[in-house]
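The values are calculated or read from the model by the stated rules, or taken from the named source; none is laboratory data. Values in this document were obtained by computation on a predicted structure and should not be read as measured data. Glycine also receives a Cβ, built like all others from the backbone with ideal geometry; neighbour counts cover every protein chain displayed. Please note that ligands, DNA and RNA were not included when accessible areas were found on the heavy atoms of the full protein model with its side chains. Shrake-Rupley method; radii C 1.70, N 1.55, O 1.52, S 1.80 Å.
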Amino acid sequence: MKVVFSEDHRKHFPQGELSGGELVTPFERPSRMEYILRELKARKLDDIMPPAKVAMKPIERVHDKGYIRFLKTAWSEWTAAGFRGEIIPTGFPMRRMQLRVPRNIDGKAGYYALATETAITAGTWEAACASAAAAQTAQRLVANGAPSAFALCRPPGHHAASDMYGGYCFFNNAAMAAQMFIDQGASRVAILDVDFHHGNGIQDIFYDREDVLYVSLHGRPEDAYPYFLGYADETGKGKGKGFNINYPMPPGSPYDVWGKALESACRKIKRYGPDALVVSLGVDTFKEDPISFFKLESEDFRTYGARIARLKLPTLIVMEGGYAVEAIGVNTVNMLEGFLGG
Ligand code: 6XA
Ligand code: ZN
């Protein structure tokens with residue numbers, strides 16, 4: 001299996017994440033990639049290649065033009081305004097307020113942000129483009145006949161909506177890849193999101209569509225980020241009714257519970273009959289993840305990788321979250337090995 005990875009992820013390394021009222025070192029940090037790469041190499045899953053140059057068209061298929069422009073120019077506008085820290089907005093368009101884009105960069109960032117933990121820095125744009133490029137190149141490998149490919153993306157993507165960033169995400173790599181399959185002629189694509197968090201961005205992008213099935217297993221929104229989406233009764237709208245499936249689960253859920261949800265999810269995907277599968281792979285379901293509350297063991301990742309492989313679909317695996325840094329390499333590669341039947 002080819003692994004597509006860009007060193008340019010390093011250009012995004014915010015110093016601060018607002019967490020518990022403090023600015024802490026972000027959980028989503030460059031060293032995450034080192035742990036995964038080390039384990040890939042140790043287990044000879046080392047067919048690693050850099051992506052081709054990013055194409056903007058596929059990004060524009062799932063993101064708003066104004067949002068893309070904002071991400072591109074945010075840092076220069078921020079520094080031109082004389083701000084000295086990283087971009088963390090202070091005000092947001094909430095209930096009964098105007099949804100108009102302000103001229104002021106602090107206001108503009110508040111308009112496009114869905115949360116405050118995700119700082120934008122000097123190199124964020126380039127890193128987000130490199131991450132999208134990795135997903136694009138891996139998608140093309142699968143589209144051209146590879147049974148599977150792994151896009152080792154950083155920053156991650158599943159929280160990014162067409163016009164929102166947050167949850168460490170800027171471009172929605174999985175949604176973009178699914179749309180690429182459709183634009184290349186696929187009739188139906190399924191996205192299986194096994195990250196601990198609900199992929200609100202993917203859900204939002206495809207909510208009224210029947211050609212992309214979104215299935216997510218995640219911490220229930222009453223208790224878990226992103227809090228405001230991911231309930232079981234969100235099933236899609238219009239033509240998309242029935243093509244959004246959420247499995248919210250309570251704190252402490254072990255593989256017994258999680259694996260049953262996965263089994264149900266896999267059956268629904270099978271019944272849908274997609275031409276391709278995109279897996280949003282977050283390994284923050286691990287029992288020791290510092291910001292999540294499921295209780296998966298390292299071996300469970302291998303088990304569920306094998307279950308997903310039994311769908312026998314052309315599969316693009318896209319990296320999302322996972323923060324128990326020493327373990328994320330083992331857990332990620334366990335999933336890949338399980339998937340590959342090893
Ligand atoms: C911020 C939590 C962000 C979670 C990001 C993530 N307190 N998403 O892992 O999958
Ligand atoms: Zn996550």
**OP:** Run N144 past the list (1) more than 12 Å from H63 (Cα to Cα); (2) open to solvent by less than 10 Å² (accessible area, probe 1.4 Å); (3) more than 16 Å from ligand 1 (Cβ to nearest atom); (4) of a type outside the set (G, A, S) and report the number of the one that doesn't hold.
**Re:** (2)
**OP:** Filter the helices (runs of 4 or more DSSP H) completely within the stretch 1-88 down to those with at least 3 residues that are within 30 Å of G341 (Cβ to Cβ) and either open to solvent by less than 50 Å² (accessible area, probe 1.4 Å) or within 15 Å of ligand 1 (Cβ to nearest atom) (or both).
**Re:** 31-42
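Of the residues D233, D223, D195, D204, which single one is out of contact with any helix residue (DSSP H, G or I) (no Cβ under 6 Å at 6 or more places or on another chain), of a type in the set (D, E) and within 12 Å of ligand 2 (Cβ to nearest atom)? Can you show your working first?
Details: D233 fails: within 12 Å of ligand 2 (Cβ to nearest atom); D223 fails: within 12 Å of ligand 2 (Cβ to nearest atom); D204 fails: within 12 Å of ligand 2 (Cβ to nearest atom).
Step by step, each of D233, D223, D195, D204 is checked, and only D195 is out of contact with any helix residue (DSSP H, G or I) (no Cβ under 6 Å at 6 or more places or on another chain), of a type in the set (D, E) and within 12 Å of ligand 2 (Cβ to nearest atom).
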Original post:
Which of the residues spanning the stretch 4-51 are within 16 Å of ligand 2 (Cβ to nearest atom), under 26 Å from T315 (Cα atoms) and charged (D, E, K, R)?
Top reply: E28, R32
**OP:** Within the stretch 67-87, track down each residue that is among the β-branched types (V, I, T), closer than 12 Å to I105 by Cβ and under 25 Å from the mean Cα position of the chain (by Cα).
**Re:** T73, I87
Original post:
Are any residues in the stretch 254-295 touching a Leu at 6+ places or on another chain (Cβ under 9 Å) and either open to solvent by 30 Å² or more (accessible area, probe 1.4 Å) or among the hydroxyl-bearing types (S, T, Y) (or both), and if so, which ones?
Top reply: P254, Y255, K268, K270, Y272, D275, S280, T285, K287
**OP:** Tell me, please, whether a residue that is open to solvent by 10 Å² or more (accessible area, probe 1.4 Å) and in contact with a Leu (Cβ under 6 Å, 6 or more places away or on another chain) can be found in the stretch 237-247.
**Re:** yes
Original post:
Counting just the residues of the stretch 179-198 that are among the aliphatic types (A, V, I, L, M) and within 16 Å of ligand 1 (Cβ to nearest atom), which one comes out farthest from V257 (Cα to Cα)?
Top reply: I191
**OP:** Mind listing whichever residues of the stretch 302-327 are touching a Lys or Arg at 6+ places or on another chain (Cβ under 8 Å) and within 16 Å of ligand 1 (Cβ to nearest atom)?
**Re:** M319, G322, Y323, V325
Original post:
Scanning the stretch 147-166 for residues that are part of a loop (DSSP other than H, G, I, E, B) and open to solvent by 10 Å² or more (accessible area, probe 1.4 Å), which turns out nearest to K57 (Cα to Cα)?
Top reply: S162
Original post:
Only one of (1) within 16 Å of ligand 2 (Cβ to nearest atom); (2) over 18 Å from the mean Cα position of the chain (by Cα) is not met by G341, so which one is it?
Top reply: (1)
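Quickly run through the stretch 318-342 and pick out the residues that are over 23 Å from K295 (Cβ atoms) and crowded, with 24+ Cβ neighbours inside 10 Å.
Let us first name the residues in the stretch 318-342 that are over 23 Å from K295 (Cβ atoms), namely 318, 340-342.
Scanning the stretch 318-342 gives a single hit, V318.
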Original post:
Quick one: would you say V101 is touching a helix residue (DSSP H, G or I) at 6+ places or on another chain (Cβ under 7 Å), open to solvent by 10 Å² or more (accessible area, probe 1.4 Å) and β-branched (V, I, T)?
Top reply: yes
Original post:
Name the residues in the stretch 169-185 that are more than 14 Å from ligand 2 (Cβ to nearest atom) and within 16 Å of A135 (Cβ to Cβ), would you?
Top reply: F170, F171, A175, M176, A177, A178, Q179, M180, F181, I182, D183, Q184
Original post:
Any chance the stretch 101-114 includes a residue that's closer than 22 Å to I317 by Cα and within 16 Å of ligand 1 (Cβ to nearest atom)?
Top reply: no
